[in-house]
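Single-structure report; data block below.
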Amino acid sequence: MSGVNASGWRPEMGSAEAGGQATASGDKALMLEEALIFELGRPDTYGVDIDEADAEPIAGLARFLRQQVPALPGLSEPETVRHYTRLSRQNYAIDLGPFPLGSCTMKHNPRLNEKVARMAGFADLHPLAPQQAARGAFEVINELAHWLIELTGMHGVAMTPKAGAHGELCGVLCIKAALQARGEDRKVMLVPESAHGTNPATAAFAGFTIENIPATAEGRVDLEALKARLGPDVAGVMITNPNTCGLFERDMKVISDAVHAAGGYVYCDGANFNAIVGKVRPGDLGIDAMHINLHKTFSTPHGGGGPGSGPVVLSEALSPFGPLPFTSRQADGTVLLVEEEDAAAAHPHSFGRMAAFHGQMGMFTRALAYILSHGADGLARVAEDAVLNANYVLRSLEGHLEAPFGASGPCMHEALFSDAGLHEGFTTLDIAKGLIDEGFHPMTVYFPLVVHGAMLVEPTETESKAGLDRFIGSLRSLAERAKAGDDSLKSAPHFAPRRRLDETQAARKPVLVWKG
Ligand SMILES: *Cc1c(COP(=O)(O)O)cnc(C)c1O
């Protein structure tokens, strides 16, 4: 396979100068070059017709606000459409191929979900519509809430958080409110070394001091170290389960009991719930709060494709402190939205609001469509297939890539590899860049931090065996090239619209402003 990418091209065929010949346009057949919009546009061109009488006041206002004519690029409508469509063709999407990004759960977005979300009754509903006009939407929110509570074995759920990290904040604010209600001012949040970066960030944002709990040699939370640190200053722990090493935290119930005995609360980062949905109920593990990423576990589009949604399931102890508004089924069977006005009677201990309106309605409809189309048995199968696929990847790369916790037993939904064993001077980044040439989005790299040169691969359950074999073939080939010291890998990608970028510069000093 060496030197041939997944679609069978050889480097010399696909190189920037096809057959040694550069094109006059810069385009290469279907690989289209595109300049910055500032280089294409002219300040005096409009995509729409503006009346002279209207144009001057607009320009005048802009001049007044900025003290100069803004150098906005003007393009005609077809030029604008082409600019963005050409750019979109340089992008990679879940509809083009797999996204093996560990922790991100980039799975196929079923078209049925899209159909349901576009139904006019949902899609055209305004968030300020009066309650009587939005009954169907509240019914959907309530039904989804019911499923999330059932699947997790928890007591309540806050539906409004807009993403996983926002859900973490919601859960941690519930913990803070519960401690305040007890008249306690506990300051420390314990977070394992392998935690997702959002966990310590959330706890710090909510005013807690972070203390790390080390991992054991087999990649799980060090139970003894955690127990030893518990005390009257500890508000709680934030633990990801399954964790970011792709392993199930087997001691979760023991951890929860110990934290509760010491007066703290247990936050579980549920971003990896897709590995255990229908199999394990976090409520049975003593968890007090856990966010669910609808855009991961329940297949709603994310990344460039759509907004997130991070409902938080809550234990009986934390439910009274959850945010407003929430839906509630009345004695007559209708679903009502409980807002601030009703709060004094219905929910007096709520810490407040997480969002202006009722949550990500478009994601609720998609997630509920996904849940109902799978059913309880289908969701359990999702977890089984996600875990099966990850273990297939893990075992298929044995002898090619080092798996630091390969001996800790089967992995959950993601397989973790390290850069141990690569030829001197070759890194995880070289493998990731090589994957681009192979036609795949790279895996998650250099995370979790507990593993040197980590490569975290999450295939998800929606990849077929044939698709996985293709990916494994590419990864094996790249691993062998990196072990053999094949120098061409160090300058990959060779076939992408851009070669290897200085990623620090691109992040720290992005060129966003036209200096023309
Ligand atoms: C994705 C993820 C988060 C954050 O979720 P967002 O929806 O991106 O805010 C937190 N923890 C883990 C383990 C994740 O994978």
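Summary table
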{"read-out": "Selection count where residues are in a loop (DSSP other than H, G, I, E, B) and surrounded by 24 or more Cβ atoms within 10 Å (Cβ to Cβ), scope region 160-178", "value": "2"}
{"read-out": "Hits in region 428-480 - residues which are in contact (Cβ under 8 Å) with a residue 60 or more places away in the chain and β-branched (Val, Ile, Thr)", "value": "436, 444, 450, 451, 457, 460, 462, 472"}
{"read-out": "Region 261-279 - residue that is away from the ligand (no atom under 16 Å from the Cβ) and closer than 14 Å to residue 186 by Cβ and, of those, surrounded by the most Cβ atoms within 10 Å (Cβ to Cβ)", "value": "265"}
{"read-out": "Members of region 397-419 found to be in a helix (DSSP H, G or I) and in contact with a Gly (Cβ under 9 Å, 6 or more places away or on another chain), listed by number", "value": "408"}
{"read-out": "Selection count where residues are closer than 16 Å to residue 156 by Cβ and in contact with a Pro (Cβ under 6 Å, 6 or more places away or on another chain), scope region 354-385", "value": "1"}
{"read-out": "Condition broken by residue 132, with the remaining ones in (1) closer than 21 Å to residue 275 by Cβ; (2) of a type in the set (S, T, N, Q); (3) without any contact (Cβ under 8 Å) to a residue 40 or more places away in the chain satisfied", "value": "(1)"}
{"read-out": "Selected residue (criterion: modelled with the lowest pLDDT) from residues of region 497-516 that are among the hydrophobic types (A, V, I, L, M, F, W, C) and surrounded by fewer than 10 Cβ atoms within 10 Å (Cβ to Cβ)", "value": "513"}
{"read-out": "Test set (1) assigned to a helix (DSSP H, G or I); (2) within 15 Å of the ligand (Cβ to nearest atom); (3) buried (at least 19 other Cβ atoms within 10 Å of the Cβ) - residue 196 fails condition number", "value": "(1)"}
{"read-out": "Neighbours by Cβ (under 7 Å, 6+ apart or cross-chain): first from region 236-254, of a type in the set (Asp, Glu); second near the ligand (Cβ under 10 Å from one of its atoms)", "value": "249/241; 249/243"}
{"read-out": "One residue from 254, 280, 237 being over 30 Å from residue 99 (Cβ atoms) and out of contact with any strand residue (DSSP E or B) (no Cβ under 6 Å at 6 or more places or on another chain)", "value": "254"}
{"read-out": "Any pair with Cβ under 6 angstrom, 6 or more apart, that starts in region 97-117 at a residue that is outside the structural domain of residue 386 (by TED's automatic domain parsing) and farther than 17 Å from residue 196 by Cβ and ends at one that is part of a loop (DSSP other than H, G, I, E, B) and of a type in the set (D, E, K, R)", "value": "98/463"}
{"read-out": "Residues located in region 420-438, provided they are part of a loop (DSSP other than H, G, I, E, B) and out of contact with any Ser or Thr (no Cβ under 6 Å at 6 or more places or on another chain)", "value": "420, 421, 422, 423, 424, 425, 426, 427"}
{"read-out": "Residue in region 240-260 that is surrounded by fewer than 23 Cβ atoms within 10 Å (Cβ to Cβ) and more than 30 Å from residue 379 (Cα to Cα) present", "value": "yes"}
{"read-out": "Strands (runs of 3 or more DSSP E) wholly inside region 288-386 containing at least 2 residues that are in contact with a Gly (Cβ under 6 Å, 6 or more places away or on another chain) and within 16 Å of the ligand (Cβ to nearest atom)", "value": "289-291"}
{"read-out": "Residue 395 vs. criteria among the basic types (Lys, Arg) and within 30 Å of residue 111 (Cβ to Cβ)", "value": "no"}
{"read-out": "Hits in region 96-111 (condition: of a type outside the set (S, T, N, Q) and either surrounded by 16 or more Cβ atoms within 10 Å (Cβ to Cβ) or within 11 Å of residue 299 (Cα to Cα) (or both))", "value": "97, 98, 99, 100, 101, 102, 104, 106, 107, 108, 110, 111"}
{"read-out": "Members of region 122-132 found to be outside any loop (DSSP other than H, G, I, E, B) and surrounded by fewer than 12 Cβ atoms within 10 Å (Cβ to Cβ), listed by number", "value": "132"}
{"read-out": "Single condition residue 120 does not satisfy, out of (1) away from the ligand (no atom under 16 Å from the Cβ); (2) within 19 Å of residue 277 (Cα to Cα)", "value": "(2)"}
{"read-out": "Residue within region 278-290 that is under 21 Å from residue 201 (Cα atoms), in contact (Cβ under 8 Å) with a residue 12 or more places away in the chain and within 17 Å of the chain's Cα centre (by Cα) present", "value": "yes"}
{"read-out": "Test: residue in region 472-482 that is in a loop (DSSP other than H, G, I, E, B), assigned by TED's automatic domain parsing to the domain that holds residue 392 and touching a helix residue (DSSP H, G or I) at 6+ places or on another chain (Cβ under 8 Å)", "value": "no"}
{"read-out": "Selection count, region 441-459, where residues are assigned to a loop (DSSP other than H, G, I, E, B) and out of contact with any helix residue (DSSP H, G or I) (no Cβ under 6 Å at 6 or more places or on another chain)", "value": "11"}
{"read-out": "Region 154-168, subset more than 10 Å from the ligand (Cβ to nearest atom) and aliphatic (A, V, I, L, M), residue farthest from residue 367 (Cα to Cα)", "value": "154"}
{"read-out": "Positions within region 199-211 being over 20 Å from the mean Cα position of the chain (by Cα) and within 16 Å of the ligand (Cβ to nearest atom), in sequence order", "value": "204, 206, 210"}
{"read-out": "Hits in region 179-193 (condition: within 18 Å of residue 259 (Cβ to Cβ) and either part of a loop (DSSP other than H, G, I, E, B) or not assigned by TED's automatic domain parsing to the domain that holds residue 217 (or both))", "value": "182, 184, 185, 186, 187, 193"}
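The values are calculated or read from the model by the stated rules, or taken from the named source; none is laboratory data. Remember, it's a predicted structure, so these values are computed and weren't measured experimentally. Note that each Cβ is placed from the backbone with ideal geometry, even for glycine, and that neighbours are counted across all protein chains shown.
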